[in-house]
Amino acid sequence: MVRYPKFESVLFVANSQSYSMISSGSVRFLRLTGLVSLQLAVAVTLLRPLAAQAQVPSLPPSGGQAQPLDPNDPNNIRPLSQSAGLLSLQGGQRLMDDASNAVSAQNYALATQKLQEARQVFNQLSNFYQDLASSFSGIDNRVADSQRRKALDAAQMRDQATYQLALVHRAQNQPELAVPLLVQIIRSQQPTRDLGKKAYQQLFELGFVDAQFPRSGSEQQSSTPATPR
């Protein structure tokens, strides 16, 4: 009796083994995929509160009250207030008003301090405006003329503060401090202007100069040479 090999059984067994191997590999792959997905879900859940904290801006303390700005911080860019700022004609005038009140109270030390500060403010303003006028000269004459007028106004107030300071030094019997200031005024204002005349009169009263200016009418006529006809 001839026996034929059982190909179908062998094939079935092979297929069964392959199916078993494929099934077990798929199960492992699915388990691994599920584990990775679970780990990713846990990581996202843990990182979500941190991301939310990073996006929420911090609130100012003290119940939301505004904090004062640091004037030294270059990021705090604010327009210069001409009425409240010290580096302005109004700021220098306030210093002169404080000096006048100090003189009325005979507090000459405080008056000297305020007048010196006023002179410094006006002098800086005059220099700054003059630099701006020079920079815009030939480019925009309208801007240059405006800055030049401001420079002259600041210089005029500087000389007035200088004159008041010289008077305070004279009231304290300090002519050695008053004379240089009076000479500065004459050089800045010219002797023919009112403030220049007042400064020269102070020098004359102090005895620093002996020739009076302006001269009286009779002196002017006698010193004027006759015009030939």
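What the table shows:
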read-out	value
The stretch 181-208 residues that are in contact (Cβ under 8 Å) with a residue 24 or more places away in the chain and surrounded by fewer than 16 Cβ atoms within 10 Å (Cβ to Cβ), paired with ones that are in a helix (DSSP H, G or I) and among the β-branched types (Val, Ile, Thr) (beta carbon under 6 Å, 6 or more apart)	PHE208/VAL179
Checklist (1) surrounded by fewer than 20 Cβ atoms within 10 Å (Cβ to Cβ); (2) closer than 20 Å to LEU206 by Cα applied to LEU165, failing item	(1)
Lone qualifier among ALA99, ALA171, ALA111, ALA211 - being surrounded by fewer than 14 Cβ atoms within 10 Å (Cβ to Cβ) and touching a residue at least 40 places away in the same chain (Cβ under 8 Å)	ALA171
Condition check for GLU219: of a type in the set (Asp, Glu) and at pLDDT below 90	yes
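The values are calculated or read from the model by the stated rules, or taken from the named source; none is laboratory data. Keep in mind that this is a model prediction, so the values were computed, not measured. Please note: Cβ atoms are built from the backbone with ideal geometry, for glycine as well, and neighbour counts cover all protein chains shown.
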